[in-house]
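**Q** There's a structure below that I have some questions on.
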Amino acid sequence: MTLALFEIRVLTRSRWLIGGGAIYALLAAGVTALGLSTFRILGLGSASPAALALLDLGLLLPMAFALVTGSAAVATDREGGFLAMLRAAGRSGGEITRAKIASATVAAWLMLAAGYGASALVLAGNVPAAQLPVFGAIFGVTLAGALAAASVGVLVGAVTRTRQEALLASLAIWFAFAVGMELVVLALAPLIRAGAVGLLLLVLFDPLEAARTLGLIALGMEGELLGSLGALLTTTQGRFGAAVVLIAALGTWIGGAAATAAWLVGRRSS
Amino acid sequence: MILRVAALRKTYGGRMVLDGLSFEIAAGTLTALVGPNGAGKSTLLRCLAGVTPHEGRVHRFDGVRAARGAIAYLPQSPRLPAEATVAEIAAVFAVDRADPAVSFAPDPARRAGTLSGGEGQRAALAALLAMRPRLLLLDEPTADLDSAARRDLLRALTAARDGGAAVVLTTPAPQAAELVAAADRVLAIEAGRIVADATPAAYLAR
């Protein structure tokens, strides 16, 4: 059995995934139903609060789950000695890291599938087929966000020494991503004359905001609805350029975090 | 020869835990590392397993270094992934083997989270033995086992040794007699140094 398949099997049996998926599905269905009842139509239109709520919900909870799960997966195995058993048996840091990222990502994707599945059930019969790409855009962005969060989570697990440290650090990082970085961008934007490189650096500090802004662009939102970062980016780079920068930022987070975690898992004391 | 250790040193926070150890481990032998708590036995085993950085050299021979599954390392009281079954854990380690099942293991269908400490220890040992490693490094493998399981373990280890594997295990000095008697060689460690390298008979006669 490959290590990745083993890790995926183990993690998808977790009661945290089952419970989290159920809660997330209920929330997604509730948000969708609220959108439908409020607007009497799709609720996924370009400026709909329901679309925004689904996007935020799809980023905040599954990304938090992927972050915490990824960090705990590494730290728990280190504390219990299983990581050392794997390494001694010849499993490389890269192989272990890829397996952990894959399992945390799949778990978060299953959670997202549960949420969007519940949402689709509520929408069934009320959504014109032409609007389905909007739903798909939100789903795609949240999948990418979950992958980035899983990579960062595994990196956190590789850096920290204990499971408790890993959980605290991943929650703190999630909070910074969810709230802190947007405030930093708001505070700094008037002070710096951010060119393309400056904006890219700001985006690089927050994968959640990058994914959210990408989602907003995919939803066709403009101006202030894109948020401070999105407004800055689209003004200077255009919509397509902004999307490219955001995708590059997410790719950098995924690749950079995975490579660093692999290096650490392969060299640090297990 | 499987291992040659030369001037091995390890410090934790400025404290010398292993102080320039040098020795060799031959294939087809069972070596007992004995010593009191804090002597450095577990750290030494982790250095031999290659899972912690250290100073000095640990040379691995006879394909032990390159081959996947050539080294099996069992930490003290390992905690296996709770949601994985005993069979799945064995399959992860014995990935290239046709039949990873080992009679020493608990029920293969049971999840690790439902196992007692001793059962978890047996499951981990069975998974490692299923790899048929060239070098077995076991940190207090009998710590959580009852007397029947200890006998089963010793039988499994001597069988691995007779099959050409090198077995190195640690045990605290007060509990050493049973394991020492089964060993071919005893390395006694105190304060990070080897204080005796003897046959079991000579060590037990001290």
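**Q** Give me the percent relative contact order of chain B, please, defined on Cα pairs under 8 angstrom at least 6 residues apart.
**A** Here the relative contact order equals 30 percent.
**Q** Roll a 1.4 angstrom probe over the protein heavy atoms and tell me the percent of accessible area of chain B that is carbon or sulfur.
**A** Roughly 48 percent, rounded to a whole number.
**Q** Using a 1.4 Å probe on the protein chains only, how many percent of the accessible area of chain A belongs to carbon and sulfur?
**A** Its accessible area is 72 percent carbon and sulfur atoms.
**Q** Which translational diffusion coefficient, to the nearest whole µm²/s, is obtained for the stretch A:89-167 from the Stokes-Einstein equation, given a Kirkwood hydrodynamic radius over C-alpha pairs, 4 °C and 1.567 mPa s?
**A** 88
**Q** Using only the alpha-carbon atoms, how far is helix A:227-267 inclined from the longest principal axis of chain A? Give it as 0 to 90 degrees, nearest 10.
**A** 10
**Q** How large is the charge dipole for the stretch B:1-146, taken about the Cα centre, if only the Cβ atoms of Lys, Arg (+1) and Asp, Glu (-1) carry charge, to the nearest 20 debye?
**A** That gives a dipole near 520 debye.
**Q** Next question, about the same structure. Just need the Rg to Rh number for the protein assembly as shown, please, alpha carbons only, Kirkwood Rh.
**A** Rounded to two decimals, Rg/Rh equals 1.09.
**Q** Mind pulling the angle between the C-alpha long axis of helix B:147-162 and the longest principal axis of chain B? Nearest 10 degrees, somewhere in 0 to 90.
**A** That works out to roughly 70 degrees.
**Q** Dividing the Cα convex hull volume of chain B by residue count, how many Å³ per residue is that?
**A** In chain B, the Cα convex hull volume per residue is 116 Å³.
**Q** Would you be so kind as to list the residues of the stretch A:66-96 that have their accessible area lowered by at least 50 Å² in the full protein complex compared with their chain by itself (1.4 Å probe)?
**A** Flagged in the stretch A:66-96: A:GLY80, A:PHE82, A:MET85, A:ALA88, A:ALA89, A:ARG91.
**Q** How large is the accessible surface per residue of the protein assembly as shown, computed with a 1.4 Å probe and reported in Å² as a whole number?
**A** Value for the protein assembly as shown: 41 Å² per residue.
**Q** For chain A, max minus min Cα coordinate along each principal axis, in Å, sorted largest first?
**A** For chain A, the Cα extents along the three principal axes come out at 58, 47, 27 Å.
**Q** Next question. Roughly how crowded by other chains is peptide B:73-79, in terms of the mean Cβ count from those chains within 10 Å of each of its Cβ atoms?
**A** So the per-residue partner count for this stretch is 5.
**Q** What ranking do B:26-35, B:129-138, A:70-79, A:223-232 get when scored by the average of other Cβ atoms within 10 Å per residue, highest first?
**A** Ranked by mean Cβ neighbours within 10 Å, highest first: A:70-79, B:129-138, B:26-35, A:223-232.
**Q** Using a ≥ b ≥ c from the Cα gyration tensor of the stretch A:58-189 (square roots of the eigenvalues), is it rounded, prolate or oblate, where a/c under 1.5 gives rounded and otherwise the larger of a/b and b/c decides, a/b for prolate?
**A** The shape class here is oblate.
**Q** For chain A, what relative contact order do you get, as a whole percent, if you take Cα pairs closer than 8 Å and at least 6 residues apart?
**A** 28
**Q** When Cβ neighbours within 10 Å are restricted to other protein chains, what is their mean count per residue of peptide A:2-14?
**A** 4
**Q** Next question. Round to the nearest 0.05 the FRET efficiency obtained for A:LEU121 and B:PHE61 when R0 = 60 Å and r is the Cβ-Cβ distance.
**A** Working from the Cβ atoms, E equals 0.45.
**Q** Also: Per-residue counts of other Cβ atoms within 10 Å, averaged by peptide: what ranking do you get for A:142-148, B:6-12, highest first?
**A** A:142-148, B:6-12
**Q** Right, another one. With everything on Cα atoms, drop me the angle between helix A:207-218 and the longest principal axis of chain A, reported from 0 to 90° to the nearest 10.
**A** 30
**Q** Interface B/A, total buried accessible area with a 1.4 Å probe, nearest 100 Å²?
**A** Protein heavy atoms only, the B-A interface buries about 2300 Å².
**Q** Mind ranking B:69-80, A:3-14 by how tightly packed they are, going by the mean number of other C-beta atoms within 10 angstrom, highest first?
**A** Per-residue mean Cβ counts within 10 Å order the peptides as B:69-80, A:3-14.
**Q** Report ³J(HN,Hα) in whole Hz for each residue of the stretch A:56-63, in order, from the Karplus equation J = 6.51 cos²θ - 1.76 cosθ + 1.60 where θ = phi - 60°; Gly and Pro get x.
**A** 4, 4, x, 8, 5, 6, x, 5
**Q** Can you grab the distance from the C-alpha centre of the stretch A:55-102 to the C-alpha centre of the stretch A:241-270, Å, no decimals?
**A** The distance from the Cα centre of the stretch A:55-102 to that of the stretch A:241-270 comes to 14 Å.
**Q** Okay, next question. Based on the Cα gyration tensor of the stretch B:1-81, what are the three equivalent ellipsoid semi-axes, each the root of five times an eigenvalue, rounded to whole Å and given largest first?
**A** Listed largest to smallest, the semi-axes of the stretch B:1-81 are 20, 17, 13 Å.
The values are calculated or read from the model by the stated rules, or taken from the named source; none is laboratory data. Quick caveat: nothing in here was measured; it's all calculated off a predicted structure. We place every Cβ from the backbone using ideal geometry, glycine too, and count neighbours over all the protein chains shown. Accessible surface areas use protein heavy atoms only, side chains included; no ligands, DNA or RNA. Shrake-Rupley method; radii C 1.70, N 1.55, O 1.52, S 1.80 Å.
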